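The values are calculated or read from the model by the stated rules, or taken from the named source; none is laboratory data. These numbers come from a predicted model, not from an experiment. Side chains included, ligands, DNA and RNA excluded: accessible areas come from the protein's heavy atoms. Shrake-Rupley method; radii C 1.70, N 1.55, O 1.52, S 1.80 Å.
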Amino acid sequence: MQKEQYKFGQDTLPDLDGGVFEEKLSRAISDVARSVVLSDDAKRTGKVVIELTVSKIGESQVQVAHKLSQKKLTAKGDVTENNTTSTPLFVHTSGKLSVFQQKQEDMFKAQTQETI
(Lines give C-alpha, C1' and ligand atoms only; values in the text may rest on other atoms or scores of the structure.)
Protein backbone atom coordinates (compact mmCIF):
# COMPACT_ATOMS: atom_id res chain seq x y z
CA MET A 1 0.00 0.00 0.00
CA GLN A 2 1.47 3.33 -1.07
CA LYS A 3 1.43 6.28 1.34
CA GLU A 4 -0.81 9.12 0.16
CA GLN A 5 1.22 12.17 -0.88
CA TYR A 6 0.56 15.43 0.98
CA LYS A 7 -0.50 18.35 -1.21
CA PHE A 8 -0.65 21.78 0.42
CA GLY A 9 -3.02 23.22 -2.18
CA GLN A 10 -5.44 20.35 -1.81
CA ASP A 11 -5.05 19.41 1.86
CA THR A 12 -4.29 22.67 3.71
CA LEU A 13 -5.24 25.63 1.47
CA PRO A 14 -8.98 25.05 2.08
CA ASP A 15 -8.35 25.43 5.86
CA LEU A 16 -6.59 28.82 5.73
CA ASP A 17 -8.58 31.57 7.45
CA GLY A 18 -11.36 29.07 8.15
CA GLY A 19 -11.95 28.46 4.43
CA VAL A 20 -12.34 32.14 3.59
CA PHE A 21 -8.90 32.50 1.97
CA GLU A 22 -9.73 29.95 -0.73
CA GLU A 23 -12.98 31.80 -1.49
CA LYS A 24 -11.12 35.14 -1.70
CA LEU A 25 -8.53 33.59 -4.03
CA SER A 26 -11.21 32.20 -6.36
CA ARG A 27 -12.98 35.55 -6.43
CA ALA A 28 -9.75 37.48 -7.07
CA ILE A 29 -8.80 35.27 -10.03
CA SER A 30 -12.29 35.60 -11.52
CA ASP A 31 -12.41 39.39 -11.04
CA VAL A 32 -8.94 39.96 -12.52
CA ALA A 33 -9.62 37.67 -15.49
CA ARG A 34 -12.91 39.48 -16.15
CA SER A 35 -11.22 42.90 -16.03
CA VAL A 36 -8.59 41.71 -18.55
CA VAL A 37 -11.23 40.35 -20.94
CA LEU A 38 -13.18 43.63 -20.77
CA SER A 39 -10.06 45.74 -21.45
CA ASP A 40 -9.74 47.34 -24.90
CA ASP A 41 -5.94 46.99 -24.84
CA ALA A 42 -4.74 43.41 -25.38
CA LYS A 43 -1.29 44.28 -23.98
CA ARG A 44 -2.58 45.22 -20.50
CA THR A 45 -2.37 42.52 -17.86
CA GLY A 46 -3.92 41.90 -14.48
CA LYS A 47 -2.21 40.13 -11.61
CA VAL A 48 -3.01 37.91 -8.63
CA VAL A 49 -0.21 37.29 -6.09
CA ILE A 50 -0.25 34.95 -3.08
CA GLU A 51 2.41 35.56 -0.44
CA LEU A 52 2.85 33.16 2.48
CA THR A 53 4.99 34.13 5.49
CA VAL A 54 5.69 31.38 8.02
CA SER A 55 6.78 32.09 11.61
CA LYS A 56 7.24 29.79 14.60
CA ILE A 57 4.71 30.04 17.44
CA GLY A 58 5.28 26.77 19.32
CA GLU A 59 7.30 23.58 19.38
CA SER A 60 5.32 22.05 16.54
CA GLN A 61 3.23 25.00 15.40
CA VAL A 62 3.64 27.87 12.94
CA GLN A 63 1.68 30.99 12.10
CA VAL A 64 1.10 31.30 8.35
CA ALA A 65 0.32 34.86 7.24
CA HIS A 66 -1.38 34.74 3.85
CA LYS A 67 -1.45 37.88 1.75
CA LEU A 68 -3.57 38.06 -1.38
CA SER A 69 -2.88 40.91 -3.78
CA GLN A 70 -4.75 41.63 -6.97
CA LYS A 71 -4.51 44.18 -9.75
CA LYS A 72 -7.73 44.62 -11.73
CA LEU A 73 -7.84 46.71 -14.88
CA THR A 74 -10.15 49.70 -15.21
CA ALA A 75 -11.03 51.80 -18.26
CA LYS A 76 -8.15 54.23 -17.67
CA GLY A 77 -5.82 52.42 -15.29
CA ASP A 78 -5.99 49.76 -12.64
CA VAL A 79 -7.07 49.09 -9.07
CA THR A 80 -4.84 47.24 -6.61
CA GLU A 81 -6.19 45.50 -3.51
CA ASN A 82 -4.26 43.72 -0.73
CA ASN A 83 -5.74 41.46 1.95
CA THR A 84 -3.70 39.83 4.73
CA THR A 85 -4.92 37.27 7.28
CA SER A 86 -3.19 34.46 9.18
CA THR A 87 -3.80 30.92 10.40
CA PRO A 88 -2.00 28.86 13.07
CA LEU A 89 -1.04 25.40 11.77
CA PHE A 90 0.56 22.29 13.26
CA VAL A 91 3.63 20.87 11.52
CA HIS A 92 3.62 17.07 11.65
CA THR A 93 6.72 14.86 11.51
CA SER A 94 5.95 14.09 7.85
CA GLY A 95 5.99 17.83 7.04
CA LYS A 96 2.24 17.95 6.60
CA LEU A 97 0.55 21.14 7.83
CA SER A 98 -2.90 21.03 9.38
CA VAL A 99 -5.19 22.96 11.67
CA PHE A 100 -5.35 20.01 14.10
CA GLN A 101 -2.66 18.09 15.97
CA GLN A 102 -1.74 14.74 14.48
CA LYS A 103 -2.19 12.86 17.75
CA GLN A 104 -4.68 14.16 20.26
CA GLU A 105 -4.84 12.45 23.65
CA ASP A 106 -8.26 11.26 24.69
CA MET A 107 -9.29 13.67 27.43
CA PHE A 108 -12.50 11.73 28.13
CA LYS A 109 -11.07 8.23 28.56
CA ALA A 110 -12.32 6.31 31.56
CA GLN A 111 -10.20 6.66 34.65
CA THR A 112 -9.31 3.60 36.71
CA GLN A 113 -9.34 3.56 40.48
CA GLU A 114 -5.52 3.78 40.44
CA THR A 115 -5.46 7.08 38.52
CA ILE A 116 -8.09 8.83 40.66
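Counting only Cα atoms, region 1-45 measures 54, 25, 10 Å along its principal axes, largest extent leading.
When you restrict to C-alpha pairs under 8 Å that are six or more residues apart and normalise by the size of the chain, the relative contact order lands at 20 percent.
Each stretch of four or more DSSP H residues adds -39500 (n - 2.57); spread over every residue of the chain, this sum gives -6000 deg cm²/dmol at 222 nm.
Computed with a 1.4 Å probe over protein heavy atoms only, the accessible surface of region 24-106 comes to 72 Å² per residue. Among the protein heavy atoms of the chain, carbon and sulfur supply 51% of the accessible surface, probe 1.4 Å, non-protein parts ignored.
Over the chain, the ratio between the Cα radius of gyration and 2.2 N^0.38 Å evaluates to 1.56. The lysines within cross-link reach of Lys24, meaning a Cα-to-Cα straight distance under 17 Å and a gap of 8 or more places when in the same chain, are Lys47, Lys67, Lys71, Lys72.
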